[in-house]
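A short write-up of the structure that comes next.
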Amino acid sequence: MIKGKDAVAGAYDEGMEPGGSMTHSVLQVGDSLSNGDSIVIGHVPSMAWGGWLAFANGWSFTRHSVTGRTSAQVADDLLPRAGFGFTVGCFTAGANDVAGRTWDSAVTEENLRVIWKGMSDRCEHVLALRLPDSYFRLPSVPASVYRRTAEVNQMMEGFADEFGGSLVNINDFRGARYVRPDQVHFTSVGDLAIASRAAGILTRRGLTTTDPATLGLGDPVSPISPARQVAFATGFARQTAKQTAKRLLGRF
């Protein structure tokens with residue numbers, strides 16, 4: 001069962017049988033890193049990482065995530081749409097603050113606090129994504145973006161401790177298998193890997209969780225084809241040129 005205005009259609013397509021029973025529920029809130037709108041790699045279906053958790057365990061799934069949303073928009077618009085009483089809460093926030101034209105550390109920190117508090121009120125277990133150090137790492141992107149990324153991660157670590165949540169660490173994500181050429185969004189294998197790590201965290205927290213990576217869907221570990229490698233390199237060059245143009249036009 002998938003709910004929500006922005007829910008992914010077809011996450012439980014015919015031929016994909018979820019396991020378990022719907023005794024638990026997953027809420028996912030955030031920006032495009034919660035959408036599951038990813039490039040398909042290794043025939044692994046495209047699905048949000050919270051959706052993978054729900055699918056693998058036969059839990060209900062509700063998603064409120066919209067591309068391009070800042071932490072303020074997640075806190076003020078998307079989070080209030082969600083109800084209460086969820087077992088697991090997954091969220092992403094802060095990525096668009098980091099990459100935006102303006103940056104206010106104090107404002108972002110307060111927004112993230114509101115999101116952590118709101119998710120903790122709604123969910124028994126809260127998981128948030130830690131931005132990788134390689135986030136948006138293109139030659140044309142200013143170094144200030146990387147400093148902001150580190151700052152957001154530090155905030156998230158503090159709030160995880162404060163609210164008793166956990167961060168999913170994807171700092172090892174590199175290359176065409178896990179990320180798209182923009183160095184921001186994930187491939188289908190990337191979303192599946194995030195869900196796999198999230199499942200491990202939940203199990204260690206006492207909620208027995210089936211690892212979505214054990215379902216045998218697609219081939220997430222096969223070598224990346226030469227054609228895909230070329231496409232990744234071409235896309236990387238295109239994204240670098242795009243961000244260079246934005247910087248020259250003062251849009252960064």
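Using the per-residue mean of other Cβ atoms lying within 10 Å as a proxy for protection, in what order, highest first, do the peptides 119-128, 168-177, 23-32, 85-94 fall?
The peptides rank, most packed first, as 85-94, 23-32, 119-128, 168-177.
Using a Förster distance of 35 angstrom, determine the FRET efficiency expected from the C-beta separation of GLU110 and ILE224, and round it to 0.05.
0.30
If we count every other residue with Cβ under 12 angstrom of ASP97's Cβ, Lys/Arg +1 and Asp/Glu -1, where does the sum land?
Counting the neighbours of ASP97, the net charge comes to -2.
Mind checking the full-extension length gain between ASP133 and TYR146? Use 0.36 nm per residue of separation minus the Cα-Cα distance, one decimal, nm.
4.0 nm is the gain from fully extending ASP133 to TYR146.
If neighbour count is taken as other Cβ atoms inside 10 Å, put TYR178, TYR146 in order from fewest to most.
So the residues, fewest neighbours to most, are TYR146, TYR178.
With the crude spin-label approximation of a point 7 Å out along Cα→Cβ, what separation in nm comes out for THR23 versus ARG81?
Label at THR23, label at ARG81, 3.1 nm between them.
Sort TRP103, TRP59, TRP52 by Cβ crowding within 10 Å, fewest neighbours at the top.
TRP103, TRP59, TRP52
Readers should treat all values here as calculations from the given coordinates under stated rules, not as data from a laboratory. Predicted model only: the values in this text are computed from it and were never measured. All Cβ positions, glycine included, derive from the backbone under ideal geometry; neighbour counts span all protein chains shown.
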